[in-house]
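S.K.: Can you keep this structure in mind? I'll have questions shortly.
Every read-out reported here was derived from the displayed coordinates using simple, explicitly stated rules and does not represent laboratory data. Note that the structure is a prediction, hence the values are computed from the model and not measured. Cβ atoms come from the backbone with ideal geometry, glycine included; neighbour counts cover every protein chain shown.
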Amino acid sequence: MGLVTAPSSAAATPLIELDQVVVDFEKRQPIFQRGRAEILRAVDEVGLSILAGESLGLVGESGSGKTTVGRVAAGMLTPTSGIVRSSGQVLGKDRGALASYRRRVQIVFQDPYSSLDPRMRVASIIAEPLFGREGKWSTRSARKQRVEELLGLVGLSPDSATMYPHQFSGGQRQRIALARALSSDPRLIVLDEPTSALDVSIRAQILKLLKDLQQRLNVSYLVISHDLGSVAYLVSRVAVMYRGRIVEEGSPAQIYRSPQHPYSRLLLDSVPREGTSLFALNDIAANEPEAIDVWRGCSFRNRCELRGRLPEPSRCDDIRPQLLAAANNRLVACHGTGARLGSDKGEN
Amino acid sequence: MNTEIASVGGGAFAIVRRMIDRITELPLSVILCLLLLAIFVLSSIFAPLLVDQSPTYQDLIRRMQPPAWVEGGSVDYLLGTDRLGRDVFSRLLYGGRISLAVAGLAILFGASVGTVIGLWAGYFGGIVDAVVMRAVDVLLALPTLLVAIVLAVAVGPSFWNVVFVVSFLLWPKIARQVRGELLAVKEQDYVKYAEGIGRSSMSVMLRHLLPNVTPSLVVVSTLELGHVVLLEASLSFIGAGIPPPHPSWGVMVDEGRALMATGWWLSLFPGLAIMLTVLIFNTLGDWLRDTLDPRLKLR
Amino acid sequence: MTAADKYADAPTEAPALEVRNLCVSASHKAGKRRQLLDAISFKVMPGEALGVVGESGSGKSLTSLSILRLLPLGLRIDTGEILLDGVNVLDMAPRELRAARGRKFSMVLQDPMSSLDPCFQIRSQMREALWNVASASGASGSELDEICEGLLRQVRMPEPDIVLGKYPHELSGGMRQRVTSAIALSGAPDVLIADEPTTALDVTSQALYLSMLKQLQRDTGFSLVFVSHDLLLVKQLCDRLIVMYAGQVIEEGPISEVLANPAHPYTRALLRSIPKPEVDAELFPIEGYPPDPSAYPPGCRFAPRCPFAREACNAGIPRSTPRSPTGHVARCIGSADGGWVS
């Protein structure tokens, strides 16, 4: 599995690295069938790395595993197997390492309504990551000052500190969540669908704020979203996920203008924008993803329009496609790359 | 009013103003209930000031006197006397002390124990949860009154024993309520966030979980107050509750039972008191649930 | 040729649905009422697809709920007429209304999870909807199944016979939405009101569902009212568009025209603020927040956020004025003839 780093900083240690990470969830079985537990593989050997100052986008739909990857990256979930490294250090059971990791990596959730404790004031919410901290923010006044500073950073008035979450709108709540994530001065923020729950006209506001902070504070983002537009705005690399695997990786320009993987194509054809038509989609895409045995072969095979045109379609059934490097620093996991995908626009 | 006072007093005035606003916004039924409750509680507390007669003083000459407004009654004994010549009104007020105190204490103990157990079981799950919840299921499956009687007879009649028995019957209901609520709250993002940044379980429980289950806890407790009052009355009614000569409303109803034909006032007034108290608590509980619930899912 | 073209030369054709001057309010503190919908008026011609676009608080969902007479408690229709094929829905007696529902007009709502009862198989839920359909009365079980399968095939459901025996939780969101659509269309209604039917779906499911809906609309000829917050989505699906903001219709017209030459500054700003999946795109957010219904400004409700606002904008609510001969209108004095907005 190739881990791609930007060529200019090949020698630098990545801020965070996921190596062959697998996350399995066990589906509870009734007591009589205890022996054969059904395992749901949410993340299937995923590897990625983010360098300091760099931002990565994780794109996919429900069931792709992107949210789970985000939780692993944020240190909230321990993978079933695989390694998570932070600045070269492997994250194991060491509580000290875990604690300092959690200071460096923060998360902002999708739902601005459930991510803030409705019974706490905004100041306490924002200062929560600073609990039990020796040093800089151990005194009350220092924390108070930090909260004011953060409120200013995210564009909220200082009066907000004594108010409760229900007094704010969705967009404002996301700002509060962002302030909370920034309080411990993190190096990486995992943004889990940061604008999906917001009104269209507010989305641009939040995205602009995120971009602004990214540049000002030199903080990295792991943006998880199904909204390709938001992702393109914030990141320099995009990874497309389908059913727990990364199927394609490249720069936003590469992926959006000439997607190589059939799923990426389907995704881009589905997004309403200039030049796309509702009738462009192949009916085969309407097949349900659930039924097939996904641990063998390619998980997209029953929805793939390319498979029928391949000389050896059985490869898709039996052999799992590996993420291989293609031209211009991009990665694709498909047996059919090389085969023409209909009209290719622009760069390869 | 000069500005200094205004700025200091402004804060206090604003708070009082807001309280008054909130009170006047309440539905009429709730205001009435609160008023009645206040009357009951205050008259119980200040009973000695309101009645000259002692609740236990027997004046056999004056026994079985009807209430003041009926022929044969007198103003000295407002609600009449019982078969031992004790003043019904006085017994009603002093009895209120006992009935309300038992209810309040039982809720306090029962809710505290129930909350702690519910929090623990709900948050940690696993074996503890399974064991505790099965115990709760068993306790809830037992017929309340029957168990109450058995226990009360076993431990003997006394004020604290009654409180204990009622609390014991109450905690499973609270525990189940809290645990159920907790299962939902536990999944909220802000709890996951707190866990994710490394807070201890105790910290998460105290800072996040407890405040968020408290509203529904208050609602359930208020509704259970009605049950508790009835339970104490029932226990006293069959003689397994508050021992004589101390009055409680249940005891009074019991004593008046045999004399219904000749002394209708003996059971009526305490019966009314019980009924009204339960009604008040139920109404308040319903209203609390209606106002608090939508705000919990704040948008 | 779209429906809009078809009817451009025949202005006397009766609309399938016409909303006139709809006003809805909600009770507020101290006896005052909050105005949620303010003089909403629009027409939908037979076979046409109308997009209703707005954000939360704009009143777009309330509009569709009002048409269906499904307003939540506490909300009241103050004035207005909703004419379905000439008959005022608001005046209908309960029996009339029940007969009309499913046959004259029908709906698909946003959340496919709660639109279907989790306790019953798809078969029973579809049969429940067939009470109104003449061909289904007196039919045997297998005949009913055939009818249901036919309806499912209409919405391009793969393996309809298997789906009939499933429970809602066994189907994906996209499939559930197809079932609810099949149910909605079972009575062959003249008007279908779809309130954000794809908001809860994945983007690929959304695209597949909408292409099915569009094709079905072309084949069957029903009128579609499609409520959404997604301007670009509506562009793919609809012929005409109304844009709502703070309880009012602020712009209306043929879709390609409105999106190519938006007359109202809000529409313009909205278009510009949508993050496009293109590289190096600049982002132009709209500053500020939509106004609260209990405190609407006296004049134009968008004025506080409008980059072109002037004193005159606060004088009163702007009237809707035409911008082109094709029925493109907007409420903005700045962009009207003789105004200061280019």
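S.K.: So how many Lys-Lys pairs in chain C land under 30 Å Cα to Cα, not counting same-chain pairs under 8 apart?
M.R.: Taking the Cα cut-off of 30 Å, the pair count is 22.
S.K.: Moving on. Quick check: residue separation of C:A14 and C:A260 times 0.36 nm, minus the Cα distance between them. What number comes out in nm?
M.R.: Working it through step by step, the gained length comes to 85.8 nm.
S.K.: Translational D (Stokes-Einstein, µm²/s) of segment C:112-188 at 37 °C and 0.692 mPa s when Rh comes from the Kirkwood sum over C-alpha pairs?
M.R.: Taking Rh from Cα pairs, D becomes 270 µm²/s.
S.K.: For chain B, just the Cα atoms, rotate onto the principal axes and tell me the three extents in Å, largest first.
M.R.: For chain B, the Cα spread along each principal axis is 77, 64, 27 Å.
S.K.: Moving to a separate point now. Round to the nearest 0.05 the FRET efficiency obtained for B:S54 and B:M275 when R0 = 30 Å and r is the Cβ-Cβ distance.
M.R.: Working: r = 26 Å, r/R0 = 0.87.
After rounding, the FRET efficiency stands at 0.70.
S.K.: Here's something else I'd like to know. Given the C-alpha atoms of segment A:59-193, compute the convex hull and give its volume per residue in Å³.
M.R.: Considering the Cα atoms of segment A:59-193, their hull volume per residue is 129 Å³.
S.K.: Which order do C:H229, C:H28, B:H208 fall in if you start with the one that has the fewest other Cβ atoms within 10 Å?
M.R.: Lowest count first: C:H28, C:H229, B:H208.
S.K.: Then there's this: Starting from the Cα of B:F159, step 7 Å toward the Cβ, then list every residue of segment B:105-125 with an amide N under 12 Å from that point.
M.R.: Counting only backbone N, you get B:105.
S.K.: Summarise the long-distance tail of P(r) for the protein assembly as shown by giving the % of C-alpha pairs beyond 37 Å. Intermediate values should be presented prior to the final figure.
M.R.: Values: 299872 of 488566 pairs.
Cα-Cα pairs in the protein assembly as shown separated by more than 37 Å: 61 percent.
S.K.: Sticking with this one: Would you list the membrane-span-like helices of chain B, meaning whole DSSP H runs whose alpha-carbon atoms span at least 18 Å along their axis and whose mean Kyte-Doolittle value is at least 0.5? Before the final figure, lay out the partial values.
M.R.: Details: long enough: B:3-25 (31 Å, 0.40); B:28-45 (26 Å, 2.96); B:88-124 (52 Å, 1.41); B:126-141 (22 Å, 1.78); B:159-186 (39 Å, 0.89); B:210-237 (39 Å, 1.23); B:264-296 (47 Å, 0.73).
Long hydrophobic helices here: B:28-45, B:88-124, B:126-141, B:159-186, B:210-237, B:264-296.
S.K.: For Cα pairs less than 8 Å apart in space and 6+ apart in sequence, what is the mean separation divided by the residue count of segment B:43-296, i.e. the relative contact order in percent?
M.R.: 21 percent
S.K.: Same structure, new question: Restricting everything to alpha-carbon atoms, can you work out Rg to Rh for segment B:148-270 with a Kirkwood hydrodynamic radius?
M.R.: 1.22
S.K.: For B:K186, go through the aspartates and glutamates and keep the ones whose alpha-carbon is under 18 Å away, minus same-chain ones fewer than eight residues off.
M.R.: Within the straight-line limit of under 18 Å, B:K186 reaches these aspartates and glutamates: A:D111, A:D117, A:E128, B:D129, B:E195, B:D293.
S.K.: Continuing with this model, one more query. To make sure I understand the rule: partners must be lysines, Cα under 17 Å from the Cα of A:K136, and not fewer than 8 residues away in the same chain. Which ones qualify?
M.R.: Filter leaves A:K144.
S.K.: Grab the Cα-Cα distance for B:L142 and B:A14, subtract it from 0.36 nm times how many residues apart they are, and report the gain in nm with one decimal.
M.R.: 41.0 nm
S.K.: Quick one: the Cα spread of chain A along its three principal axes, in angstroms, biggest first?
M.R.: 70, 53, 45
S.K.: Here's a follow-up. State the extension gain, in nm to one decimal, for the chain segment bounded by A:Q167 and A:A52, taking 0.36 nm per residue of separation less the distance between their alpha-carbons.
M.R.: Values: separation 115, 0.36 × 115 = 41.40 nm, distance 3.61 nm.
So the extension gain works out to 37.8 nm.
S.K.: On to the next question. For segment C:256-342, rounded, prolate or oblate, judged on the Cα gyration tensor with a ≥ b ≥ c (square roots of eigenvalues), a/c < 1.5 rounded, else prolate if a/b > b/c?
M.R.: Verdict is oblate for segment C:256-342.
S.K.: Strictly greater than 38 Å: what percent of every Cα pair in chain C meets that?
M.R.: Looking at chain C, the distances longer than 38 Å represent 19 percent of pairs.
S.K.: Less than 12 Å Cβ to Cβ from B:G180, Lys/Arg counted +1 and Asp/Glu -1: what total charge do the surrounding residues give?
M.R.: +2
S.K.: Between B:L28 and C:A188, what's the calculated FRET efficiency when r is the beta-carbon distance and R0 is 56 Å? Round to 0.05.
M.R.: It comes out at approximately 0.65.
S.K.: Still on this structure, I have one more. Using the count of nearby Cβ atoms within 10 Å as a rough guide to exposure, how do C:E81, C:E251 rank from fewest to most?
M.R.: Numbers: C:E81 16, C:E251 27.
So the residues, fewest neighbours to most, are C:E81, C:E251.
S.K.: Using Cβ counts within 10 Å as a stand-in for footprinting exposure, how do A:H166, A:H335 rank, fewest first?
M.R.: A:H166, A:H335
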